[in-house]
Amino acid sequence: MHEDFWQARWARDEIGFHQAQVNPYLSRHWPTLGLAPGSRVLVPLCGKSLDLAWLAGQGFAVLGVELAEKAVRDFFDEQRLIPQVDSQGVFRVYRVGSLEIRCGDFFALSAADVADCRGLYDRAALIALPTEMRERYAAHLSAILPSGCRGLLVCLDYDQTRMGGPPFAVDDHEVRRLLGTDWQVRLLEAPDVLRENWKFLQRGLDRLEERVYRLERR
Ligand SMILES: C[S@@+](CC[C@H](N)C(=O)[O-])C[C@H]1O[C@@H](n2cnc3c(N)ncnc32)[C@H](O)[C@@H]1O
């Protein structure tokens, strides 16, 4: 997916992926990771997700990364927060206390940028990317995040022949192939959420599995 695609989606407010509530898998499973209060959490491809605010509200330091400046500005506006804005390398950095969103390309993030991250939260980041970019995304996560880093991955699996992405279908085999060498991967739950998703029901799908994984960097 080219950068222009996402910039255009944000410019036109075509953000069907955005959730009006905190993700229920996050609030259910995050506490089981046992991360120390104050730990820093990387949220790649974060959009303007309310999950950023939830993590910050739980006492974590948050590092979101998002291409679209509109998403970043909307996030702070909607949270009624006034961020300090600076530049750091290729990123524009928006920060309020220990909640920071870097506006720019996730692939420009270095190991030094995330050396103190102990947590990872991916909801709709891996599945936002087409096949070759998913390979690159997973390799980059593994390359930059330190050993012991723990987190959640929320992805979707459905019959990709019935509709194109994003969101792209990512099955269990692919998750383990992409991450299994460098991460311990454990499936936490995999409910079928087709009935609650009209857009997918209309495409004649017979299954829409939401898969939630616990990850731990080896
Ligand atoms: C499907 S949305 C998910 C957003 C968020 N995780 C959520 O749950 O609402 C994917 C987001 O990734 C952003 N994005 C895509 N490619 C990116 C990249 N290379 N670096 C940073 N952000 C990117 C898009 O602008 C978009 O906001």
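The values are calculated or read from the model by the stated rules, or taken from the named source; none is laboratory data. Being a predicted model, the structure only gives us computed values, none of them experimental. Glycine gets a Cβ as well: all are built from the backbone with ideal geometry, and neighbour counts include every protein chain shown. Remember, those area values only see protein heavy atoms, side chains included, never the ligands or the DNA or RNA. Shrake-Rupley method; radii C 1.70, N 1.55, O 1.52, S 1.80 Å.
When you filter the trypsin sites (Lys or Arg not before Pro) in segment 1-63 for DSSP loop state and at most 16 other Cβ atoms inside 10 Å of their Cβ, you are left with Arg12.
Placing unit charges on the Cβ atoms only, positive for Lys and Arg and negative for Asp and Glu, gives the chain a dipole magnitude near 380 debye about its Cα centre. By its C-alpha gyration tensor, with a ≥ b ≥ c as the square roots of the eigenvalues, how is segment 7-112 shaped: rounded for a/c under 1.5, else prolate for a/b larger than b/c, else oblate? Oblate, because a/c is 1.5 or more while a/b does not exceed b/c. About its Cα centre, segment 98-162 has a charge dipole of approximately 120 debye under the convention of +1 per Lys or Arg Cβ and -1 per Asp or Glu Cβ, with nothing else charged. Run a plain Debye calculation on the chain (Cα atoms as equal point scatterers, no solvent) and give log10 I(q)/I(0) at q = 0.08, 0.12, 0.16 Å⁻¹, rounded to two decimals, same order as the q list. With no solvent term, the Cα-only Debye profile gives -0.26, -0.61, -1.15. What number, in percent, do you get for the relative contact order of segment 3-217 if the mean sequence gap of Cα pairs under 8 Å and at least 6 apart is divided by its residue count? After rounding, I find 17 percent. Comparing Pro167, Tyr121, Ala143 along the charge dipole axis of segment 3-217, the residue lying farthest to the positive side is Tyr121, per the Cβ-charge model.
In this structure the chain gives 46 Å² per residue of accessible area when probed at 1.4 Å with all protein chains present. For segment 3-217, the carbon plus sulfur part of the accessible surface works out to 48%, probe radius 1.4 Å. Toward the positive end of the charge dipole of segment 3-217, with +1 on the Cβ of Lys and Arg and -1 on the Cβ of Asp and Glu, the farthest Cα among Tyr158, Gln84, Leu208 is that of Gln84.
Note on Glu69: accessible area approximately 50 square angstrom, rounded to 10, probe 1.4 Å, nucleic acids and ligands left out. A Gaussian network model of the chain, with springs between Cα atoms under 10 Å, assigns the largest mean-square fluctuation among Ala125, Ala68, Ala190 to Ala190.
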